[in-house]
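Here is the structure we will look at, set down as structure tokens.
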Amino acid sequence: MAKKQKKKMNTKLLLAFKIMGILATVFMGIFLVFLGKLDILPSFYYLMIVISFGLLASFSVFAIFKFKKGLKIMSFFLLVIFGCLSLIGTYYLYHTDAFLNQSFRNRKSSYTTVYYLVAAKESTLEDLSSITSSIGYYHGSSLMDEAMNRLRNKGGVEYSFAPYDDVITMFQNVLAQAIPVMLVEQTNFNLVFDINKDLKQEQFKVLEEIKFDTEVDNEVLSKANKFNIYIGGNDFTNSLMDFNMVVTINMATHQILMTSFPRDYYIPVSGFQGQRDTLSFMGARGIETNRKSLEEFLGIDLGYYIKIQTRSLVGIVDEIGGIEYCSDVNFQTTHAKILDDYNDKHGEKMYVTKGCHHFNGIETLTVARERLAFPGGDRQRQKNCQQIIKAIFKQLLTTNTITNYNNILNSLNDLYQTNIPREVITDLIKETIDGANWEIKEQSVNGVDGENFVHLTNLRSYVMNPDMDTVNAAVAAIKALLE
């Protein structure tokens, strides 16, 4: 009786071994399918993994069915361990594949243009329905006609509009209530108070807000092994492009060149008949305007772009556990450690000593925004941003990211928009896995401080006129890397 029970137990145990072995083999197969679909490994490495898994599964299954008890148990546990590892690996591969599909699928680029209907603070006007006379506007704004039509449709009245050639005069007339209201683009509204200190934002009130969401279809681009990427960093208002860089990559020689451009670089605006503006203010018209303007100015192809949302920088840096930032000098930031606000009066400033420091997200953003604390101004800020970008990618490659993998992927997805094809990214990963030793160089262009018309208006503000010797040298270096 005891022998029968023992034999019955052995039969059940063997059946369990067989079932678990088969399941483990299936998990290993699923892992290989996802790994192949992800396409981030060089063919040789993927083939070696497939062969190794195949031999392991074949040997273990054969041992479970044919070998003696000791070998059966050993083979079973070996197969289960690899099956569990495959299941865990499949989890990470699945989320990586979903991230790549979502992040690199030639998404449309978009930007928002906001118009304000503004009255003097002391005015008795409270909303659109109380307006009975002319509305002032500056004639040069790109979507002004559409904004006027929105007001007509909303108010149900055929309002009259009075054009102005001078933005400051229009503000002064509204303040004096010579005209009751004005229709003004949000970025121009904010800019006026920086340029004319006699005008204060608290002297005005916004009666209506009109938003235009504009989408631009991305050109469907094929992958290449030599290319340029324009990287633009939007401020939290999603209007000013405070960070501008061209990254040149040659996958054949494993070289990367990062070329920085000051935010106030004054160049012709694409599609505006040679009229100039700063790279920063061009951001109000979407990253395509910046990309095309730089492309035409430099005379090089900038088909790919990445638009970075600087407000999301805080989240990704915190998710990866912070970054290391090194400073050559002591400095105190003029910006406070605050998010989504330019009012630095009530926040805490940072004092950064010479040397290397570990910064969290808000600290990183504060340093990335800083320019007035440095003799080099925006030139130094561009260098800081280059250092921050490299520090983030360095931290992403550490093992610390595994434990917080999904949150990091979500943070990265919120950090940028791009039209780079997925295949380009997977090729870069393959090259790195294959042992590519990337050589990264940096350069920047220079210019001469000046003052000129900005934001495609008659408002005058600080600009940096390009030093064409540094521009030509930078372009020559870019072209040489692509040869």
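The values are calculated or read from the model by the stated rules, or taken from the named source; none is laboratory data. Predicted model only: the values in this text are computed from it and were never measured. All Cβ positions, glycine included, derive from the backbone under ideal geometry; neighbour counts span all protein chains shown. Quick note on the areas: whole protein, heavy atoms, side chains included, nothing else; ligands and nucleic acids left out. Shrake-Rupley method; radii C 1.70, N 1.55, O 1.52, S 1.80 Å.
Evaluated at 20 °C with a viscosity of 1.002 mPa s, what Stokes-Einstein diffusion coefficient in µm²/s does segment 66-178 have when Rh comes from the Kirkwood expression over alpha-carbon pairs?
Values: Rh = 20.6 Å.
The estimated diffusion coefficient comes to 104 µm²/s.
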Discussion item. Using helices alone, I'd like the mean residue ellipticity at 222 nm for the chain: each DSSP H run of four-plus residues gives -39500 (n - 2.57), total over residue count, nearest 500.
Written reply: -15000 deg cm²/dmol
Worksheet item: What FRET efficiency comes out for the pair Lys121/Lys154, r = Cβ-Cβ distance, R0 = 25 Å, nearest 0.05?
Response: 0.65
Worksheet, complete the sentence: For the Leu396, Leu339 Cβ pair and Förster radius 22 Å, calculated FRET efficiency rounded to 0.05 is 0.50
Practice prompt. Rounded to the nearest 10 degrees, what's the angle between the helix 186-195 long axis and the longest principal axis of the chain, both from Cα atoms, 0 to 90?
Written response: 60 degrees
Worksheet item: From the square roots a ≥ b ≥ c of the eigenvalues of the alpha-carbon gyration tensor of segment 329-483, which class results: rounded (a/c under 1.5), prolate (a/b over b/c), or oblate?
Response: oblate
Response to the item:
Given unit charges at Cβ for Lys, Arg (+) and Asp, Glu (-), the dipole magnitude of the chain about its Cα centre in debye, nearest 20, is 4200 debye
Worksheet, complete the sentence: Along segment 285-299, Karplus-curve 3J(HN,Hα) (6.51, -1.76, 1.60; θ = phi - 60°) to the nearest Hz, with x for Gly and Pro, reads 10, x, 5, 4, 5, 4, 4, 5, 5, 5, 4, 5, 5, 8, x
Practice prompt. Report the calculated FRET efficiency for Asn190 and Asp165 (r = Cβ-Cβ distance, R0 = 25 Å), to the nearest 0.05.
Written response: 0.75
Discussion item. Let me check the size of the chain from its C-alpha atoms; what are the radius of gyration and Dmax in Å?
Written reply: 29.6, 110
Worksheet item: At each listed q (0.16, 0.20 Å⁻¹), what is the log10 of I(q)/I(0) that the Debye formula gives for segment 371-434 modelled as equal alpha-carbon point scatterers?
Response: -0.78, -1.02
Worksheet item: Which GluC sites (Glu not before Pro) from segment 274-356 combine a DSSP loop assignment with at most 15 other Cβ atoms within 10 Å?
Response: Glu348
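Counting only heavy atoms of the protein chains, get the accessible area per residue of segment 246-337 (1.4 Å probe) and round it to a whole Å² value.
Working: 2960 Å² over 92 residues.
Value for segment 246-337: 32 Å² per residue.
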Item to complete: Give me the percent of the accessible area of the chain that comes from carbon and sulfur atoms, probe 1.4 Å, all protein chains in place.
Response: 56 percent
Discussion item. Relative contact order of segment 95-250, please, whole-number percent, based on alpha carbon pairs below 8 angstrom and at least 6 residues apart.
Written reply: 35 percent
Worksheet item: With contacts defined as alpha carbon pairs under 8 Å and 6 or more residues apart, what's the relative contact order of the chain in percent?
Response: 17 percent
Practice prompt. Specify the angular offset, from 0 to 90 degrees and rounded to the nearest 10, of the alpha carbon long axis of helix 422-433 from the longest principal axis of the alpha carbons in the chain.
Written response: 60 degrees
Fill in: segment 193-210 and segment 84-137: distance between their alpha carbon centers, rounded to Å
23 Å
Worksheet item: Could you work out Rg/(2.2 N^0.38 Å) for segment 167-298, with Rg from alpha carbons only?
Response: 1.35
Fill in: Approximate spin-label separation Asn472-His357, in nm, with each point projected 7 Å along Cα-to-Cβ
4.1 nm
Discussion item. For segment 298-442, what does the relative contact order come out to in percent, with C-alpha contacts under 8 Å and a separation of six or more?
Written reply: 31 percent
Discussion item. Highest mean first, how do 36-45, 379-388, 298-307 rank when packing is the count of other Cβ atoms within 10 Å averaged over residues?
Written reply: 379-388, 298-307, 36-45
Discussion item. Let me check I've understood the local charge: for Phe44, count other residues with C-beta under 11 angstrom from its C-beta, Lys and Arg +1, Asp and Glu -1. What total comes out?
Written reply: 0
Item to complete: For every other residue with a beta carbon closer than 13 angstrom to the beta carbon of Lys211, add +1 if it is Lys or Arg and -1 if Asp or Glu, then tell me the sum.
Response: -3
Worksheet item: By how many degrees, 0 to 90 and rounded to 10, does the Cα axis of helix 144-155 deviate from the longest principal axis of the chain?
Response: 90 degrees
Worksheet entry | Around Gln177: net Lys/Arg minus Asp/Glu count, Cβ-Cβ under 15 Å | 0
